[in-house]
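Student: Next up is a structure, given as structure tokens.
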Amino acid sequence: MKPAGLALALLFTLSPALRAEESGTRATASHSASGAVRVSGDSGLVLMDLFLNTVALGMDLAALESAAPPAPHSAYAQRVRDDDSYWGPPRRQMDAREGLLLSFGLGGGSAYLSSQGPGRTGAFDLDFRLGYGFSDRFQLFMDFGVDAGRYPQSTDFASWTFTIRGQTVLVGDRAGNGLSLNAGIGVGGVDYNDGYYGNYSSSTGLALAGGLSYDARVTPWFALSPELFLNWHQIPNSPGLPHDIASAYGVRLNFLWYLK
């Protein structure tokens, strides 16, 4: 199966949130006293189903890609010159994007909080990832991102998301260089500091996030990865009130390690 099929599945995960923001509609969710997020309607179930199917597809591809052919066995051991040592069975070489994935990123962009009015404002972006690369074709990781900024009315905020993401390589080589697409689903919220009432936090709501990055290998285990990112999440309000939304997009530079 070509990576374009997995890329389309990842893009479908982001499309409901983008259409909701552009049209001005918001999905419904509720926040209980215990802090748990409950998404009502079918949209949340559909998004979760798409994500799980994407993960399952990626893991199947990873299993096929990583399956090594059986080593050929000769009838007699091959002696190397006059040495008493013998050739051992060949070992499968790990893919460049296979292994423990660790990433730390810094950047900036534009943020929007519907609770603060129709305008956007600049934001500083911080991102951390931890996961595993199953092969060059598929990686799965946890992502924690924060976009912090300030509105003209002196309201400091930090919009955060925690998502589980799948990633596939669109164009690349065996050395680990290439263009990658990632997308995922999770939860998000906002912390405020208005200078008058101190710090307070919103309820957590459904979050969607994704990015398009290019890995440039510096060493076999380390890469610099500039990324175009997009984050979106709900800000649940009291029952009977429409939910607010938060979104951010921009550019960040990721420092990426694949530890074998």
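Student: Residues that are among the hydrophobic types (A, V, I, L, M, F, W, C) and in a strand (DSSP E or B): does region 148-156 have at least one?
Tutor: So far as region 148-156 goes, yes, one or more of its residues are among the hydrophobic types (A, V, I, L, M, F, W, C) and in a strand (DSSP E or B).
Student: Ok, one more. Filter region 127-138 for residues that are closer than 19 Å to Leu212 by Cβ and in contact with a helix residue (DSSP H, G or I) (Cβ under 8 Å, 6 or more places away or on another chain) and give the result.
Tutor: Asp136, Arg137, Phe138
Student: Which residue is least open to solvent (accessible area, probe 1.4 Å), if the candidates are limited to region 235-260 and must be of a type in the set (Gly, Ala, Ser) and farther than 30 Å from Leu179 by Cα?
Tutor: Here the answer is Ser238.
Student: OK, next. If the requirement is being out of contact with any His (no Cβ under 7 Å at 6 or more places or on another chain) and at pLDDT 55 or above, which of these qualifies: Asp147, Asp83, Asp42?
Tutor: Asp147
Student: Right, something else. Restricting attention to region 181-221, report how many residues are open to solvent by 40 Å² or more (accessible area, probe 1.4 Å) and either assigned to a strand (DSSP E or B) or of a type in the set (Lys, Arg) (or both).
Tutor: Looking only at that region, the number is 11.
Student: Looking at the structure I just gave you, is Gly178 open to solvent by less than 40 Å² (accessible area, probe 1.4 Å), farther than 23 Å from Asp215 by Cβ, of a type outside the set (S, T, N, Q) and in contact with a strand residue (DSSP E or B) (Cβ under 9 Å, 6 or more places away or on another chain)? Steps first, answer last, please.
Tutor: On the way: open to solvent by less than 40 Å² (accessible area, probe 1.4 Å): yes; farther than 23 Å from Asp215 by Cβ: no; of a type outside the set (S, T, N, Q): yes; in contact with a strand residue (DSSP E or B) (Cβ under 9 Å, 6 or more places away or on another chain): yes.
In short, no.
Student: What pairs come out if I take residues in region 211-239 that are within 21 Å of Tyr112 (Cα to Cα) and without any contact (Cβ under 8 Å) to a residue 24 or more places away in the chain and pair them with residues that are part of a strand (DSSP E or B) and open to solvent by 60 Å² or more (accessible area, probe 1.4 Å) whose C-beta lies under 8 Å away, six or more apart or interchain?
Tutor: Filtered contacts from region 211-239: Leu228/Leu212; Leu228/Tyr249; Leu228/Val251.
Student: Which one of the conditions (1) at pLDDT 95 or above; (2) open to solvent by less than 70 Å² (accessible area, probe 1.4 Å); (3) under 15 Å from Ser213 (Cα atoms) does Phe104 fail to meet, given that it meets all the rest?
Tutor: (2)
Student: Given (1) assigned to a strand (DSSP E or B); (2) out of contact with any Ser or Thr (no Cβ under 6 Å at 6 or more places or on another chain), identify the lone condition not met by Ser115.
Tutor: Result: Ser115 fails condition (1) only.
The values are calculated or read from the model by the stated rules, or taken from the named source; none is laboratory data. Model, not experiment: these values are computed from the prediction. Glycine gets a Cβ as well: all are built from the backbone with ideal geometry, and neighbour counts include every protein chain shown. Accessible surface is based on the protein model in full, side chains and every heavy atom, while ligands, DNA and RNA are left aside. Shrake-Rupley method; radii C 1.70, N 1.55, O 1.52, S 1.80 Å.
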